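Enquirer: Handing you a structure now.
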Ligand code: GLU
Ligand code: ZN
């Protein structure tokens with residue numbers, strides 16, 4: 001028996017849409033589960049869509065997610081001759097007819113019709129094909145096309161409610177339904193897995209398919225129409241309201257594995273109440289029959305949480321490598337640079353060893369890799385970026401801040417410069433001032449790092465060096481003097 005063949009067939013948009021990435025993933029998981037073939041097809045019959053830069057983003061996104069195609073990409077723009085041949089075949093079999101109605105004419109005639117759409121006006125006019133005629137499919141007047149859908153069961157489309165739809169525009173350009181069906185036939189696709197927004201077009205494709213079968217029978221694929229991916233308002237993700245490009249999430253510092261895992265949960269669940277599952281488990285358990293009917297909420301909070309879990313599971317070395325694009329985009333380990341911009345410090349001040357030393361404590365505190373630079377910037381900037389709100393409330397407004405900063409300054413002047421000693425002398429210094437290490441740390445942290453939150457304090461102090469720490473404490477004291 002031949003192996004299943006599935007395809008991901010995006011129209012180039014210049015980015016990989018999250019909903020499309022989910023469609024691609026379900027195709028890919030199905031193919032991997034079945035030992036099948038995952039085909040990539042670029043549906044670029046619209047001329048403005050056939051630019052290679054628009055396609056690169058899609059291929060790049062798939063590759064980032066580890067879903068490279070086994071076959072393709074095939075480009076519809078390269079198959080115009082084939083579509084012309086098919087159009088000839090359908091025309092000579094009488095399955096198409098020419099129509100010269102304008103949109104306005106059709107609208108004027110059909111405004112009050114109970115069933116919207118074209119009214120069959122040119123069906124029996126016997127027009128010749130020409131530069132002003134579109135070609136419409138002669139939909140049977142009676143009967144029903146039943147789409148057998150693996151997820152939704154049988155969906156019936158009575159022909160009486162289907163119009164004679166356009167297959168070829170007057171410009172000669174074949175439309176989506178035609179090119180799509182022809183390509184699925186020619187590449188022997190066995191399963192069409194795609195968003196359920198396309199379900200209304202499926203019976204048209206099936207009619208074309210069956211018409212072509214008269215000369216050249218090809219088994220109709222099985223269909224699986226996936227529930228929509230929606231935002232918190234339960235609306236389809238919109239380019240204007242929502243971040244829909246997979247690249248955006250990559251730039252924010254989502255790990256590909258975490259993002260892919262989360263995409264899999266959009267309409268499918270692994271066994272046993274789990275959400276975090278590795279790709280082998282997904283492949284092993286994936287079944288089209290288990291896909292949910294309800295639309296899937298793309299919950300960025302949940303995705304972020306899952307990403308944090310994936311980050312914490314990385315080995316120290318893998319975390320350092322994963323963070324490289326955000327902290328050291330010039331280094332060889334950074335394969336690409338996020339469009340969120342370069343880190344805030346001058347490249348030559350970055351010190352890989354210092355970063356590697358604090359990385360393990362940063363790793364447990366971020367949910368996104370893009371959060372890493374603000375956690376460590378004080379180590380690589382000549383002066384820390386001060387969180388003014390934290391300065392106002394936790395230094396300026398705290399009567400103990402000055403005595404604490406003065407006491408640790410004295411203690412740091414001649415203690416051994418090593419984290420445990422630094423911690424011990426800090427403890428005694430804040431004790432003497434009458435507070436605890438956990439409370440007394442805030443002014444020190446803000447003076448040295450600029451922020452009220454961050455990795456544990458004493459290791460970074462050691463890494464910064466005595467002179468730099470004393471200078472920062474002094475600067476904070478001078479600023480306190482100024483009020
Ligand atoms: N090119 C179509 C789209 O991006 C998808 C076609 C299909 O999967 O059948 O909406
Ligand atoms: Zn007409």
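Read the figures in this text as sums done on the coordinates, not as results from a lab. Keep in mind that what you see is a predicted model, and the values were worked out from it rather than measured. Cβ atoms come from the backbone with ideal geometry, glycine included; neighbour counts cover every protein chain shown.
Enquirer: Pairs needed: first member in the stretch 186-215, in contact (Cβ under 8 Å) with a residue 24 or more places away in the chain and closer than 19 Å to residue 41 by Cα; second member anywhere, within 16 Å of ligand 2 (Cβ to nearest atom) and part of a strand (DSSP E or B); C-beta distance under 8 Å; at least 6 residues apart or different chains.
Expert: Listed by first residue and then by second, the contacts come to nothing, as the list is empty.
Enquirer: Okay, next question. Checking the structure you have, find out if any residue of the stretch 101-121 is within 16 Å of ligand 2 (Cβ to nearest atom), within 40 Å of the chain's Cα centre (by Cα), outside any helix (DSSP H, G or I) and surrounded by 13 or more Cβ atoms within 10 Å (Cβ to Cβ).
Expert: Yes, there is a match, as at least one residue in the stretch 101-121 is within 16 Å of ligand 2 (Cβ to nearest atom), within 40 Å of the chain's Cα centre (by Cα), outside any helix (DSSP H, G or I) and surrounded by 13 or more Cβ atoms within 10 Å (Cβ to Cβ).
Enquirer: Can you name the residue in the stretch 330-359 that is more than 12 Å from residue 377 (Cα to Cα) and in contact (Cβ under 8 Å) with a residue 60 or more places away in the chain and, of all such residues, is surrounded by the fewest Cβ atoms within 10 Å (Cβ to Cβ)?
Expert: Of everything passing the filter in the stretch 330-359, 339 is surrounded by the fewest Cβ atoms within 10 Å (Cβ to Cβ).
Enquirer: Where in the stretch 173-272 are there helices (runs of 4 or more DSSP H), lying fully within it, with 2 or more residues that are within 12 Å of ligand 1 (Cβ to nearest atom) and crowded, with 21+ Cβ neighbours inside 10 Å?
Expert: 176-186, 202-213
Enquirer: Taking residue 67 and the conditions (1) away from ligand 1 (no atom under 13 Å from the Cβ); (2) part of a helix (DSSP H, G or I); (3) over 30 Å from residue 171 (Cβ atoms); (4) touching a strand residue (DSSP E or B) at 6+ places or on another chain (Cβ under 9 Å), which numbered condition does it fall short on, given that it satisfies the others?
Expert: Failing condition for residue 67: (2).
Enquirer: Only one residue in 14, 19 is buried (at least 19 other Cβ atoms within 10 Å of the Cβ) and either within 24 Å of residue 250 (Cα to Cα) or within 16 Å of ligand 1 (Cβ to nearest atom) (or both), so which one is that?
Expert: Selected residue: 19, the only one of 14, 19 that is buried (at least 19 other Cβ atoms within 10 Å of the Cβ) and either within 24 Å of residue 250 (Cα to Cα) or within 16 Å of ligand 1 (Cβ to nearest atom) (or both).
Enquirer: Separate question: Looking only at the stretch 398-452, count every residue that is part of a loop (DSSP other than H, G, I, E, B) and without any contact (Cβ under 8 Å) to a residue 40 or more places away in the chain and tell me the total.
Expert: Matching residues across the stretch 398-452 total 6.
Enquirer: Which one of the conditions (1) over 30 Å from residue 251 (Cα atoms); (2) out of contact with any helix residue (DSSP H, G or I) (no Cβ under 9 Å at 6 or more places or on another chain); (3) part of a helix (DSSP H, G or I) does residue 479 fail to meet, given that it meets all the rest?
Expert: Only one criterion in (1) over 30 Å from residue 251 (Cα atoms); (2) out of contact with any helix residue (DSSP H, G or I) (no Cβ under 9 Å at 6 or more places or on another chain); (3) part of a helix (DSSP H, G or I) is unmet by residue 479, namely (2).
Enquirer: Would you mind telling me which numbered condition in (1) within 12 Å of ligand 2 (Cβ to nearest atom); (2) in a strand (DSSP E or B) residue 154 fails?
Expert: Unmet condition: (1).
Enquirer: Then there's this: With surrounded by 20 or more Cβ atoms within 10 Å (Cβ to Cβ), in contact (Cβ under 8 Å) with a residue 24 or more places away in the chain and within 16 Å of ligand 2 (Cβ to nearest atom) as the only criterion, which of 127, 135 stands out?
Expert: 135
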